[in-house]
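Q: Got a structure here, written out as C-alpha cells. Questions coming.
The values are calculated or read from the model by the stated rules, or taken from the named source; none is laboratory data. Every value quoted in this text rests on a predicted model; they were computed, and no experiment measured them. Cβ: placed from backbone, ideal geometry, glycine included. Neighbour counts: every protein chain shown. Accessible surface areas use protein heavy atoms only, side chains included; no ligands, DNA or RNA. Shrake-Rupley method; radii C 1.70, N 1.55, O 1.52, S 1.80 Å.
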Amino acid sequence: MSEVDSKLYAPAPEVVQNAHVSGMEAYQALVAEAEADYEGYWGRLAREFVSWQQPFTQVLDSSNAPFFKWFADGKLNASYNCLDRNVEAGKGDKTAIIFEADGGEVTKVTYKELLERTCRLANALKAQGVKKGDRVVIYIAMSIDGVAAMQACARIGATHSVVFGGFSAQSLRDRIEDTGAKLIITADHQVRGGKQLPLKAIVDEALALGGCEKIEKVLVVKRSGADVAMTAGRDVWMDDALAGQDSFCEPEWVEAEHPLFLLYTSGSTGKPKGVQHSTGGYLLHAALTTKWTFDLKDNDVFWCTADIGWVTGHTYITYGPLALGATEIVFEGVPTYPDAGRFWKMIQDHKVTVFYTAPTAIRSLIKAAESNEAVHPKSYDLSSLRILGSVGEPINPAAWEWYHQHVGGGRCPIVDTFWQTETGGHMITPLPGATPLVPGSCTLPFPGIQAAVVDETGKEVPWGQGGILVVKKPWPSMIRTIWGDPERFKKSYYPEDFKGQLYLAGDGAIRDAKTGYFTITGRIDDVLNVSGHRMGTMEIESALVSCTELVAEAAVVGRPDETTGEAICAFVVLKRPRPSGDEAKAIAKQLRDHIAREIGPIAKPKDIRFGDNLPKTRSGKIMRRLLRSVAKNEAVTQDTSTLENPAILEQLGQAY
Ligand code: 6R9
C-alpha cells in the first residue's frame with residue numbers, strides 16, 4: 001500500500017449497505033446527474049425535500065447575477081416544513097427536541113408540542129405588531145424557546161437575526177441597528193457552566209447606547225427567575241405575551257427568496273456583515289445535507305453541539321433536523337461542566353447516534369481525558385454512536401484519529417464538513433456510506449456543488465498545487481446579499497479578479513494529487529478562526545483603538561494554537577511610555593476587558609505585545625507578515641531592510 005492508501009478509511013460494508021447515498025458509484029451518479037442537468041437536479045431535490053404551497057416553475061434565475069434567485073415563483077413556509085408537515089405525516093407524538101439544561105434537567109417536546117409552542121409564540125409576535133418582512137433580533141441561550149422563537153419568526157414571515165449570547169452590548173447594538181429590528185426576544189439570564197450570566201441587562205445596555213430607536217418591544221423569557229429591570233411599555237414577559245394566544249397560527253406563505261434570516265459574520269474589514277439567506281433554497285440544502293451527510297434515519301438521535309447563535313446551529317439544529325422530522329438534542333451548557341465527561345455522558349444517557357461537534361471541543365476534551373480517566377470516553381458507553389461529524393475549522397489528523405478511535409470506537413465514519421455562514425450548508429464533505437476518509441481532509445464536494453482550486457487569475461491549478469478555493473456555479477443555499485450593502489456582497493464574494501464568475505470562499509485549499517480530495521489550508525484574508533469562531537483582525541483592531549485613553553495604534557494577527565486552532569495576538573502602541581512587568585500585565589488586562597465589552601469575551605487576545613511603534617515599511621504599511629513571525633516566537637527571516645525602526649522588533653518579543 002502506498003502512503004496515501006494506508007491513510008484511507010473505507011466505509012464498512014454495513015454502513016454502505018444501509019446508507020442513503022450508498023457507495024462511491026451512487027455518489028458519482030449524483031455528481032454526474034448534476035453535471036448533466038444542473039437545474040434539473042436541484043429542481044428534483046427541491047420537489048422531494050421541500051413542501052411547496054405553490055410550486056415553482058423556474059429553478060435558477062441568473063438574470064441579475066451574482067444576485068441569483070432560486071425557485072423564485074414558488075411559495076412555502078419554513079416552519080410549516082419543519083413542524084406541521086411532520087405532524088401531518090403522523091409524527092405528532094415523536095420527540096422533536098430533547099433539551100438538557102446546564103444542571104442536567106431534561107425536557108422533551110414532541111413535534112405536536114413544538115408546533116403549538118411555535119404557533120403561540122408566532123401569534124404573540126403578531127400581537128406585538130410584528131409583520132411579514134420585519135426583523136426580529138433573538139439574543140438568547142440554547143433552549144427550546146430559542147428554537148421556537150426562530151421557527152415563530154419563520155412562521156409569520158419575519159426575518160430573524162440571532163445574536164450569539166457571548167456578544168457584548170456594543171456588538172448587540174451594532175447588529176440591532178444594522179437590521180433595523182422592531183422587536184427583540186431575549187431571556188432574563190443564561191446559565192452556563194453553573195454560572196448565571198445576564199442577557200436582559202445586556203439588551204438594556206445595548207438599547208441605551210442609542211441607534212436602536214426602531215425597537216418597540218422586548219420579549220423576555222424567564223430562565224433564572226431572578227430580578228431584572230423591566231421598562232414599562234417596552235419590555236414584556238414572554239409568559240404574559242403568550243397568555244391567551246391561540247395554539248395554531250396560519251403559516252405566512254412566502255416567496256422562496258423571502259429572507260429567512262440575517263446572520264452577522266466577520267469579514268476582512270471592521271464591520272460585521274449581515275449575511276442574508278433565503279427561505280426555499282436554504283431550507284432545501286439544510287434538509288438535504290442533514291439527510292445525506294449524516295445519513296440521517298428516522299430512528300436516529302442527532303446531536304449538533306453548536307450554538308443557535310452561529311450558522312451551524314441554524315442549519316443543523318433549527319432547520320435541517322426538524323425539516324426531516326428527526327429527534328435531536330439541544331444542550332444549554334458547556335462541554336466541561338460539571339466535568340469534561342459531559343458530552344460522553346450525554347451521548348450515553350440519550351443514546352445519541354449521530355454526533356456533530358467542533359475540533360476545538362475535541363482537542364480540549366482530549367487534554368482533559370489524558371489527565372483524568374474518569375472523563376475519558378472509554379469510561380462511558382458510547383455504543384449507540386453511528387456517525388461523527390466535525391465543523392468550524394480544520395481538524396488536525398491527531399485529533400481526528402483520537403475522535404475516530406476513542407469516541408467512535410473505530411467504527412464510526414467521521415464527516416469533516418467544510419462550509420461557511422455564507423454557504424448555508426455543507427459544501428465539501430464526505431458522505432458516510434460512500435466516501436473513503438482521509439484524516440484532515442474534507443474530501444469531495446457535496447453532490448451538485450462545483451468547488452475548485454484556482455490561481456489569482458481564476459484558472460484552475462493542477463491537483464497537488466495549492467490555491468484559492470472557489471465555487472463555480474451558484475447553489476440553492478448560497479448567501480443572497482449582505483444586508484443593506486449589495487456592493488460589498490459583490491466585492492467580497494464575486495470579485496472582479498475572477499470577472500464576477502466565481503464565488504470566493506476566502507479560504508485556501510489544495511487537492512490531493514492522486515485522489516483529488518480537498519484539504520482546506522486556512523483563510524486567505526484577514527479573518528481568524530479561534531475555537532471555530534470567525535473574527536476579523538480589523539474588528540479587533542478597531543476595538544483596541546476605540547480605547548482612546550490608552551491606545552494609539554494596534555495591529556492584530558493570528559498564530560497557531562494547540563487547543564483553539566488559532567490564537568489572537570495584538571501588537572499595541574500606547575499613548576503613554578511602553579510598559580513592562582506588572583504594569584504591562586495590568587494594562588493588558590485592561591485592554592482585554594475593553595475588548596470583551598466592545599465585542600465579547602471570545603475576542604480577547606491571548607497575547608498582547610507592546611512596542612514604541614509597529615514595524616512598518618517606509619511607506620507606512622504595517623508589516624503583518626513579520627508580526628506573524630514575532631507572534632509565533634519565530635526568528636525573523638524576512639527582509640527587514642525596509643523597516644523604518646528595526647529596534648522595535650526586540651521590544652515586541654515579550655507577550656503579556
Ligand atoms: C460552518 C462555519 C467558516 C470558516 C471557513 C473555514 C473554516 C469551517 C471547516 C473549516 C476547515 C472545515 N471552516 N469548516 N476549515 N475544515 N471542516 O464554521 O461557518 O463560522 O462562517 O466559518 O471556517 O475557514 O471559511 P463560519
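Q: If I ask for residues that are of a type in the set (Lys, Arg) and closer than 17 Å to residue 97 by Cβ, which ones from region 135-187 would you list? Steps first, please.
A: Here is the first cut: in region 135-187, the residues of a type in the set (Lys, Arg) are 135, 155, 173, 175, 182.
Selection gives 155 alone.
Q: What residue, of 508, 516, 532, is within 12 Å of the ligand (Cβ to nearest atom), out of contact with any strand residue (DSSP E or B) (no Cβ under 6 Å at 6 or more places or on another chain) and more than 18 Å from residue 614 (Cβ to Cβ)?
A: Numbers: 508 fails: out of contact with any strand residue (DSSP E or B) (no Cβ under 6 Å at 6 or more places or on another chain); 516 fails: within 12 Å of the ligand (Cβ to nearest atom).
One residue alone meets the criteria, 532.
Q: Looking only at residues that are within 16 Å of the ligand (Cβ to nearest atom) and assigned to a loop (DSSP other than H, G, I, E, B) in region 372-395, which one is most open to solvent (accessible area, probe 1.4 Å)?
A: Among them, the one singled out is 394.
Q: If you take just the strands (runs of 3 or more DSSP E) that sit entirely in region 299-361, which of them hold at least 2 residues that are more than 18 Å from residue 145 (Cα to Cα)? Reasoning before the result, please.
A: Values: elements: 301-304, 327-331, 354-357.
In region 299-361, 301-304, 354-357 are the strands (runs of 3 or more DSSP E) which contain 2 or more residues that are more than 18 Å from residue 145 (Cα to Cα).
Q: When you go through 228, 236, 191, 218 one by one, which is the residue that is open to solvent by less than 20 Å² (accessible area, probe 1.4 Å) and in contact with a strand residue (DSSP E or B) (Cβ under 8 Å, 6 or more places away or on another chain)? Before you say what the answer is, go through the steps one by one.
A: Working: 228 fails: open to solvent by less than 20 Å² (accessible area, probe 1.4 Å); 236 fails: open to solvent by less than 20 Å² (accessible area, probe 1.4 Å); 191 fails: open to solvent by less than 20 Å² (accessible area, probe 1.4 Å).
That would be 218, the only listed residue that is open to solvent by less than 20 Å² (accessible area, probe 1.4 Å) and in contact with a strand residue (DSSP E or B) (Cβ under 8 Å, 6 or more places away or on another chain).
Q: Sticking with this structure for a sec: Working carefully through the options 576, 609, 628, find the one that is outside the structural domain of residue 202 (by the TED database), of a type outside the set (A, V, I, L, M, F, W, C) and assigned to a helix (DSSP H, G or I).
A: Working: 576 fails: assigned to a helix (DSSP H, G or I); 609 fails: assigned to a helix (DSSP H, G or I).
Exactly one residue qualifies, and that residue is 628.
Q: Can you report the number of residues in region 565-588 which are under 30 Å from residue 396 (Cβ atoms) and open to solvent by 10 Å² or more (accessible area, probe 1.4 Å)?
A: Final tally of qualifying residues: 2.
Q: Among the residues in region 171-182, are any free of Cβ contacts under 8 Å to residues at least 40 places away in the same chain, out of contact with any Lys or Arg (no Cβ under 6 Å at 6 or more places or on another chain), open to solvent by 50 Å² or more (accessible area, probe 1.4 Å) and more than 30 Å from residue 557 (Cα to Cα)?
A: Filtering region 171-182 down to residues free of Cβ contacts under 8 Å to residues at least 40 places away in the same chain leaves 172-173, 176-177.
Now restrict to residues that are out of contact with any Lys or Arg (no Cβ under 6 Å at 6 or more places or on another chain): 172-173, 176-177.
Then keep just the ones that are open to solvent by 50 Å² or more (accessible area, probe 1.4 Å); that gives 177.
Remaining after also requiring more than 30 Å from residue 557 (Cα to Cα): none.
No, there is no match, as no residue in region 171-182 is free of Cβ contacts under 8 Å to residues at least 40 places away in the same chain, out of contact with any Lys or Arg (no Cβ under 6 Å at 6 or more places or on another chain), open to solvent by 50 Å² or more (accessible area, probe 1.4 Å) and more than 30 Å from residue 557 (Cα to Cα).
Q: Is it the case that region 542-553 has a residue that's more than 14 Å from the ligand (Cβ to nearest atom) and within 20 Å of residue 396 (Cα to Cα)?
A: From region 542-553, those more than 14 Å from the ligand (Cβ to nearest atom) are 542-553; that's our starting set.
Filter once more, keeping what is within 20 Å of residue 396 (Cα to Cα): none.
Checked against the condition, which is being more than 14 Å from the ligand (Cβ to nearest atom) and within 20 Å of residue 396 (Cα to Cα), region 542-553 yields no hits at all.
Q: Let me ask you something else. Those residues that are open to solvent by 20 Å² or more (accessible area, probe 1.4 Å) and among the basic types (Lys, Arg), I need them from region 445-482; list them, please.
A: 459, 472, 473
Q: If you go through region 151-168 one residue at a time, do you hit one that is surrounded by fewer than 24 Cβ atoms within 10 Å (Cβ to Cβ) and in contact with a Ser or Thr (Cβ under 6 Å, 6 or more places away or on another chain)?
A: No, there is no match, as no residue in region 151-168 is surrounded by fewer than 24 Cβ atoms within 10 Å (Cβ to Cβ) and in contact with a Ser or Thr (Cβ under 6 Å, 6 or more places away or on another chain).
Q: Can you find a residue that is in contact with a Ser or Thr (Cβ under 6 Å, 6 or more places away or on another chain) and part of a helix (DSSP H, G or I) anywhere in region 254-269?
A: No.
Q: May I pose another question? Mind checking which strands (runs of 3 or more DSSP E) fall wholly inside region 194-248 and carry at least 2 residues that are without any contact (Cβ under 8 Å) to a residue 40 or more places away in the chain and in contact with a Leu (Cβ under 9 Å, 6 or more places away or on another chain)? Give the steps one after another, and end with the answer.
A: Numbers: elements: 195-198, 217-221, 235-237.
It comes to 217-221, 235-237.
Q: Being assigned to a loop (DSSP other than H, G, I, E, B) and under 27 Å from residue 85 (Cα atoms), is that true of even one residue in region 28-50? Quick ask: steps written out before the conclusion?
A: Within region 28-50, the subset assigned to a loop (DSSP other than H, G, I, E, B) is 37, 50.
Subset that is under 27 Å from residue 85 (Cα atoms): 50.
Yes, some residue in region 28-50 is assigned to a loop (DSSP other than H, G, I, E, B) and under 27 Å from residue 85 (Cα atoms).
Q: Please pick out the residue among 309, 341 that is within 14 Å of the ligand (Cβ to nearest atom) and in contact with a Phe, Trp or Tyr (Cβ under 9 Å, 6 or more places away or on another chain).
A: Working: 341 fails: within 14 Å of the ligand (Cβ to nearest atom).
Just a single option satisfies the conditions, and that option is 309.
Q: How many residues does region 145-188 hold that are of a type in the set (Ser, Thr, Tyr) and out of contact with any strand residue (DSSP E or B) (no Cβ under 7 Å at 6 or more places or on another chain)? Give the steps one after another, and end with the answer.
A: Taking region 145-188 and keeping what is of a type in the set (Ser, Thr, Tyr), we get 159, 161, 168, 171, 179, 186.
Restricting the remaining residues to those that are out of contact with any strand residue (DSSP E or B) (no Cβ under 7 Å at 6 or more places or on another chain) gives 168, 171.
Qualifying residue count for the region: 2.
Q: Could you tell me which numbered condition residue 492 fails, if it satisfies all but one of (1) in a helix (DSSP H, G or I); (2) over 30 Å from residue 166 (Cα atoms); (3) within 14 Å of the ligand (Cβ to nearest atom)?
A: Failed condition: (2).
Q: Does region 554-564 contain at least one residue that is open to solvent by 20 Å² or more (accessible area, probe 1.4 Å), touching a Cys at 6+ places or on another chain (Cβ under 6 Å) and not in a loop (DSSP other than H, G, I, E, B)?
A: Keep residues of region 554-564 that are open to solvent by 20 Å² or more (accessible area, probe 1.4 Å), which gives 559-564.
After this cut, where a residue has to be touching a Cys at 6+ places or on another chain (Cβ under 6 Å) as well, the list is 559.
Next, from what is left, pick out any that are not in a loop (DSSP other than H, G, I, E, B): 559.
The answer is yes, given that some residue of region 554-564 is open to solvent by 20 Å² or more (accessible area, probe 1.4 Å), touching a Cys at 6+ places or on another chain (Cβ under 6 Å) and not in a loop (DSSP other than H, G, I, E, B).
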